[in-house]
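Asker: I am attaching a structure below and will ask some questions about it afterwards.
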Amino acid sequence: MTETLTERQGEVLAVIRDYIQVNGIAPTHAELAKAIGVSSTRAAADHLKALAKKGHIHLHNEKTRGIQLLSEAFVELPLIGMVAAGSPILAMENVERQVPVPEGLFRSRPTYLLRVRGDSMKDAGILDGDMIAIQKTQRARHGQIVVARIHDEVTVKYLDTHAPRPVLLPANDAYDPITFEPEELAIEGVFVGLIRDV
């Protein structure tokens with residue numbers, strides 16, 4: 001059972017929730033201290049202990065980013081294999097497992113998760129090994145990060161629709177854009193966030 005928070009505790013909890021929503025991971029004590037405007041990690045730790053005592057978070061003290069929100073309901077999302085953040089890889093759509101994710105973690109509700117392989121999207125904050133949350137759709141706007149299928153291969157890239165032909169753009173200068181005929185491209189979904197194992 002959760003207890004009512006003070007106004008300041010509510011602010012700290014909101015900062016934690018926003019940080020997780022934007023970054024896909026919980027803040028460290030130092031990152032939280034900076035975000036809430038205190039100079040010491042001890043002050044941040046004191047806030048965390050108060051939130052844990054009142055039942056709003058659980059602290060995993062053995063982990064650097066061991067803050068778990070408890071006040072949200074969870075949804076289970078299927079992790080359905082790998083997607084390339086590099087050269088496209090052959091699509092494999094087998095459900096590896098169900099991953100519990102706090103409801104409301106992402107701005108848009110995802111349909112499934114994919115594990116990223118490669119580093120072509122590292123400058124967009126998507127790293128090798130991340131789980132990316134995807135909202136299944138066949139439509140995407142210019143500039144969105146999409147999961148795209150070209151023939152039987154699937155990749156994650158920025159979508160550029162302003163060129164004469166559609167282009168998939170990496171977020172890493174070591175990789176070249178992928179160009180193709182419009183009929184060769186199928187949008188599988190749009191990126192709505194990520195979860196990073198820490």
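Only the coordinates and a few stated rules stand behind these numbers; no lab work does. What you see is a predicted model, and the numbers here were worked out from it, not measured in a lab. With ideal geometry, Cβ positions are generated from the backbone for all residues, glycine too; neighbour counts draw on all protein chains shown.
Asker: Please state which of the following conditions E76 fails to meet, knowing it meets all the rest: (1) among the charged types (D, E, K, R); (2) under 30 Å from F191 (Cα atoms); (3) free of Cβ contacts under 8 Å to residues at least 12 places away in the same chain; (4) touching a strand residue (DSSP E or B) at 6+ places or on another chain (Cβ under 9 Å).
Answerer: Only one criterion in (1) among the charged types (D, E, K, R); (2) under 30 Å from F191 (Cα atoms); (3) free of Cβ contacts under 8 Å to residues at least 12 places away in the same chain; (4) touching a strand residue (DSSP E or B) at 6+ places or on another chain (Cβ under 9 Å) is unmet by E76, namely (3).
Asker: If you check R139, R165, R107, which single one turns out to be in a loop (DSSP other than H, G, I, E, B) and either surrounded by 13 or more Cβ atoms within 10 Å (Cβ to Cβ) or under 16 Å from the mean Cα position of the chain (by Cα) (or both)? Step through it out loud before you land on a result.
Answerer: Numbers: R139 fails: either surrounded by 13 or more Cβ atoms within 10 Å (Cβ to Cβ) or under 16 Å from the mean Cα position of the chain (by Cα) (or both); R165 fails: either surrounded by 13 or more Cβ atoms within 10 Å (Cβ to Cβ) or under 16 Å from the mean Cα position of the chain (by Cα) (or both).
Result of the check over R139, R165, R107: R107.
Asker: Any residue at all in the stretch 178-192 that's within 18 Å of the chain's Cα centre (by Cα) and among the β-branched types (V, I, T)?
Answerer: Of all residues in the stretch 178-192, those within 18 Å of the chain's Cα centre (by Cα) come to 188-192.
Remaining after also requiring among the β-branched types (V, I, T): 190, 192.
Yes, the stretch 178-192 has at least one match.
Asker: Could you list, in sequence order, all residues of the stretch 170-198 that are surrounded by 12 or more Cβ atoms within 10 Å (Cβ to Cβ) and within 17 Å of I132 (Cα to Cα)? Let's see the steps before the verdict.
Answerer: Within the stretch 170-198, the subset surrounded by 12 or more Cβ atoms within 10 Å (Cβ to Cβ) is 170-172, 175, 177-180, 184-196.
Those that are surrounded by 12 or more Cβ atoms within 10 Å (Cβ to Cβ) and within 17 Å of I132 (Cα to Cα): P170, A171, I187, E188, G189, V190, F191, V192, G193, L194, I195, R196.
Asker: Conditions first: (1) without any contact (Cβ under 8 Å) to a residue 12 or more places away in the chain; (2) crowded, with 18+ Cβ neighbours inside 10 Å; (3) charged (D, E, K, R). K157 passes all but one, so which condition is the exception?
Answerer: It is condition (1) that K157 fails.
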